[in-house]
1. Do you know which residues across region 126-137 are assigned to a helix (DSSP H, G or I) and out of contact with any Phe, Trp or Tyr (no Cβ under 8 Å at 6 or more places or on another chain)?
2. When both residues are 6+ apart or on different chains and their Cβ atoms are under 6 Å apart, which pairs have a first residue that lies in region 44-65 and is within 14 Å of Met153 (Cβ to Cβ), and a second that is of a type in the set (A, V, I, L, M, F, W, C) and surrounded by 19 or more Cβ atoms within 10 Å (Cβ to Cβ)?
3. Which condition from (1) buried (at least 20 other Cβ atoms within 10 Å of the Cβ); (2) within 14 Å of the chain's Cα centre (by Cα); (3) of a type outside the set (Ser, Thr, Tyr); (4) modelled with pLDDT of 95 or more is the one that Arg123 breaks?
4. Restricting the search to region 126-145, which residues are within 13 Å of the chain's Cα centre (by Cα) and in contact (Cβ under 8 Å) with a residue 40 or more places away in the chain?
5. Mind listing just one residue for me: the one in region 162-188 that is under 23 Å from Asn14 (Cα atoms) and either surrounded by 14 or more Cβ atoms within 10 Å (Cβ to Cβ) or touching a Phe, Trp or Tyr at 6+ places or on another chain (Cβ under 6 Å) (or both) and, of those, modelled with the highest pLDDT?
6. Restricting attention to region 114-158, report how many residues are within 30 Å of Glu75 (Cα to Cα) and among the aliphatic types (A, V, I, L, M).
7. Residues that are touching a Pro at 6+ places or on another chain (Cβ under 8 Å): which helices (runs of 4 or more DSSP H) entirely in region 1-112 hold 1 or more of them?
8. Please list, ordered by first then second residue, the pairs with beta carbon atoms under 6 Å, 6 or more apart or interchain, first in region 164-180 and within 16 Å of Pro97 (Cα to Cα), second part of a helix (DSSP H, G or I) and of a type outside the set (A, V, I, L, M).
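The values are calculated or read from the model by the stated rules, or taken from the named source; none is laboratory data. What you see is a predicted model, and the numbers here were worked out from it, not measured in a lab. With ideal geometry, Cβ positions are generated from the backbone for all residues, glycine too; neighbour counts draw on all protein chains shown.
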Amino acid sequence: MLGLKLPTDPRWVNIVEKNIEEILTDHAFCEQKATSTAISLIVSFPEYTELVQEMVALVKEEISHFKMVHDKILERGWTLGRDRKDDYVQQLVTFFPKGGSRTTQLVHRLLYAALIEARSCERFRLLSEELQDKELSEFYRKLMVSEANHYTMFLGFARQYGNRKEVDEKWQKLLDFEAEIMKDLGKKETIHG
């Protein structure tokens, strides 16, 4: 369903289980960044009314997810750690050239967002199936459904606002590029890395 070309090695969950505090901190900041992305799309493309409406709803949902993850951190007696760079996203956003028309820029941003959500969904599925911590396993199962909905929403908007054939070609090339990135990741207790 997600179209990812290289699945995460299930042993990644073993790395995560050794440092749950780290994955929760990273996850919290992923939710914060997803909120920021939605706000940025509103600010950058206000003339796309349907997109703006959906992004407003997404801001509310993503910030509520941030709170849910933050609450899990607090429940375990921890505090939110500092944000760290996301190697996955930093590499991913180098795929499309800078510039182009506003529509091209929008389509590229939507495709990046769709792929980040798809990878998050795949990682959440693994966590929901493999984590020994049953409370967290169930927590990630619930979040997995949201991420799948976000992925399809972003991809749908990219197809709506761009030329469908070109968008689908770009999507496949981006998936190939992402698979190459993933060959070197999956060794840290981070959502994408």
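1. Within region 126-137, the first condition is being assigned to a helix (DSSP H, G or I), and the residues that meet it are 126-130, 134-137.
Once the filter is applied, which keeps residues that are assigned to a helix (DSSP H, G or I) and out of contact with any Phe, Trp or Tyr (no Cβ under 8 Å at 6 or more places or on another chain), region 126-137 yields Glu129, Glu130, Lys134, Glu135, Leu136, Ser137.
2. These pairs meet every condition: Leu51/Phe157; Met55/Ala38; Met55/Leu41; Leu58/Ala38; Val59/Ala38; Glu62/Ala34.
3. Result: Arg123 fails condition (4) only.
4. Here is the first cut: in region 126-145, the ones within 13 Å of the chain's Cα centre (by Cα) are 143-145.
Matches in region 126-145: Leu143 only.
5. So the residue we want is Glu178.
6. Within region 114-158, the first condition is being within 30 Å of Glu75 (Cα to Cα), and the residues that meet it are 116-151.
If we keep only those that are among the aliphatic types (A, V, I, L, M) as well, we get 116, 118, 126-127, 131, 136, 143-145, 148.
The total comes to 10.
7. Working: elements: 12-17, 20-44, 49-75, 87-92.
Per the criteria, 49-75.
8. Sorted first by the residue in region 164-180, then by its partner, the pairs are Val167/Arg159.
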